[in-house]
Amino acid sequence: MELFGKLNGVEPVKFGRSQQTGKEWQAQRFELRTTYNGRENILPLSAWGNTVDQLKALQIGDLIKCYCELRGEEYNGKRYVTIECSFVERVQI
């Protein structure tokens, strides 16, 4: 799925190490401001690995295109949905 909008905000990068594989990982959450059917929306998105590096090259207010997947999880009897981005790039108008 492709999403277009302006980069609205970026949280600090989180680092860790997988307990199963021992490999290091990095993750970052960011916000995308979009307009759909005349309504403005701010979507919380997640980036992992190389996508975090792509975010570092962007600035707040940049028009961007995100390639995303929806992820659903269940935790303690509640369901959660995450929008996970696999690629982010700046676009020109």
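Structure above, values below:
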| quantity | calculated |
| --- | --- |
| Every residue from segment 1-13 that is farther than 13 Å from I83 by Cβ and either open to solvent by 70 Å² or more (accessible area, probe 1.4 Å) or in a strand (DSSP E or B) (or both) | F4, K6, L7, N8, G9, V10, E11, P12 |
| Close pairs from segment 1-15: first in contact (Cβ under 8 Å) with a residue 12 or more places away in the chain, partner among the aromatic types (F, W, Y), Cβ under 7 Å, at least 6 apart | E2/Y67; L7/F30; G9/F30; V10/F30; E11/F30 |
| Odd one out for I93, checked against (1) touching a Leu at 6+ places or on another chain (Cβ under 8 Å); (2) assigned to a loop (DSSP other than H, G, I, E, B); (3) open to solvent by less than 70 Å² (accessible area, probe 1.4 Å) | (3) |
| Residue in segment 42-49 that is more than 14 Å from L3 (Cβ to Cβ) and either part of a loop (DSSP other than H, G, I, E, B) or open to solvent by 100 Å² or more (accessible area, probe 1.4 Å) (or both) present | yes |
| Sole exception among (1) surrounded by 11 or more Cβ atoms within 10 Å (Cβ to Cβ); (2) in contact with a Phe, Trp or Tyr (Cβ under 7 Å, 6 or more places away or on another chain) for G16, by number | (1) |
| Hits in segment 19-33 (condition: out of contact with any Lys or Arg (no Cβ under 8 Å at 6 or more places or on another chain) and either open to solvent by 70 Å² or more (accessible area, probe 1.4 Å) or under 19 Å from R90 (Cβ atoms) (or both)) | Q19, Q20, T21, R29, F30, E31 |
| Evaluation of E84 against (1) open to solvent by less than 100 Å² (accessible area, probe 1.4 Å); (2) free of Cβ contacts under 8 Å to residues at least 24 places away in the same chain; (3) not hydrophobic (A, V, I, L, M, F, W, C) (one fails), failing number | (2) |
| Qualifying positions in segment 50-81 - open to solvent by 40 Å² or more (accessible area, probe 1.4 Å), part of a strand (DSSP E or B) and either without any contact (Cβ under 8 Å) to a residue 12 or more places away in the chain or more than 13 Å from K6 (Cβ to Cβ) (or both) | Y67, E69, L70, R71, G72, E73, E74, Y75, K78, R79, Y80, V81 |
| Y80 modelled with pLDDT under 95 and touching an Asp or Glu at 6+ places or on another chain (Cβ under 6 Å) | yes |
| Qualifying residue in segment 16-23 (condition: part of a strand (DSSP E or B) and within 21 Å of L70 (Cβ to Cβ)) | no |
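The values are calculated or read from the model by the stated rules, or taken from the named source; none is laboratory data. Predicted model, so just to flag it, every value in this text is computed and none were measured. Backbone-built Cβ (ideal geometry, glycine too); neighbour counts: all protein chains shown. Just the protein is used for accessible areas: all its heavy atoms, side chains included, with ligands, DNA and RNA removed. Shrake-Rupley method; radii C 1.70, N 1.55, O 1.52, S 1.80 Å.
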